[in-house]
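Take a look at the structure below.
None of the figures in this text is laboratory data; all of them are computed from the coordinates on show. Since we're looking at a predicted model, the values are computed, not measured. We place every Cβ from the backbone using ideal geometry, glycine too, and count neighbours over all the protein chains shown.
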There are 2 protein chains.
Amino acid sequence: MIRHVAVFRFVPEFTADEREHWMGLLRALPAQIPSVRSMSVGPDVLGGAASHDLAIVADFDDLDGLDLYSRHPAHAEVLRISAGVKISLATVDFEIPES
Amino acid sequence: MIRHVAVFRFVPEFTADEREHWMGLLRALPAQIPSVRSMSVGPDVLGGAASHDLAIVADFDDLDGLDLYSRHPAHAEVLRISAGVKISLATVDFEIPES
């Protein structure tokens, strides 16, 4: 399994309501992109020294499934919104052995 | 449930063998810290523009469980190693509704 992790920082002008809307679009992706095995999305609740604003964790059978997600038109719309408001994005895509 | 996400970049002097050893220490934490519900750890395999080196995703029942993990001596040893070799650390701790 491939686990895709994405951690964002946003400009303060990206309001709480807009973030909720954006998370809603993300949470709708698994129903539109069959290669998404599972997805979790949420805003940081800890506010520590290293804390960023929001994380996405999405699981796929393999890199081909991740690629289908990355190139899907519904995902492109999500990217279009975050591109205008993100300060930073850090991603890691790593393998998890099937148990 | 609380999901703890941590994304690292390391100095190049932190060798592949040392990273494997460090990931082994991390993967041993759930057996030592009962509040860890599950944990996945791995190095990035994509190497994209936003890719960082390594991610940890750990799940807890609640913030108290995360706090037990953060303050546990076995976790402190892991932190001691990464403190000397990390370029950056980005974390997000977010809630996942129980299904």
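Remarks
- Directionally averaged shadow of chain A, computed from the convex hull of its alpha-carbon atoms, nm²: 6.6
- Cα-based helix-to-principal-axis angle, B:73-83 vs chain B, degrees rounded to 10: 30
- Rounded FRET efficiency, nearest 0.05, which uses the C-beta distance separating A:ALA31 from B:SER88 and R0 of 25 Å: 0.15
- For the stretch A:46-97: rounded, prolate or oblate by the Cα gyration tensor [a/c cutoff 1.5]: oblate
- Couplings 3J(HN,Hα) for the stretch A:46-59, derived from phi with the Karplus relation 6.51 cos²θ - 1.76 cosθ + 1.60 (θ = phi - 60°), are 9, x, x, 4, 9, 6, 9, 7, 7, 10, 10, 10, 10, 10 Hz, where x marks Gly and Pro.
- Estimated from helical segments only, the mean residue ellipticity of the protein assembly as shown at 222 nm is -10000 deg cm²/dmol, where each DSSP H run of four or more residues counts as -39500 (n - 2.57).
- The ranking of B:LEU63, B:LEU54 by Cβ neighbour count inside 10 Å, starting from the fewest, reads B:LEU63, B:LEU54.
- At R0 = 22 Å, FRET efficiency that the Cβ-Cβ distance of B:ARG71 and B:SER38 yields, to 0.05: 0.70
- Projecting 7 Å from Cα along the Cα-to-Cβ direction, the label point of B:MET1 sits 0.9 nm from its equivalents in the other copies, listed shortest first.
- Fewest-first sequence of A:ARG80, B:ARG27, B:ARG19 by Cβ atoms within 10 Å of each Cβ: A:ARG80, B:ARG27, B:ARG19
- Remark: B:VAL7, A:VAL78, B:VAL57, A:VAL92 ranked as A:VAL78, B:VAL57, B:VAL7, A:VAL92, counting other beta-carbon atoms within 10 Å and listing the fewest first.
- Ascending distances from the A:ARG37 label point to its copies in the other chains, with the point 7 Å along the Cα-to-beta-carbon line: 1.8 nm.
- Amide H partners (placed H, <5 Å) of A:SER51, local residues excluded: B:THR91
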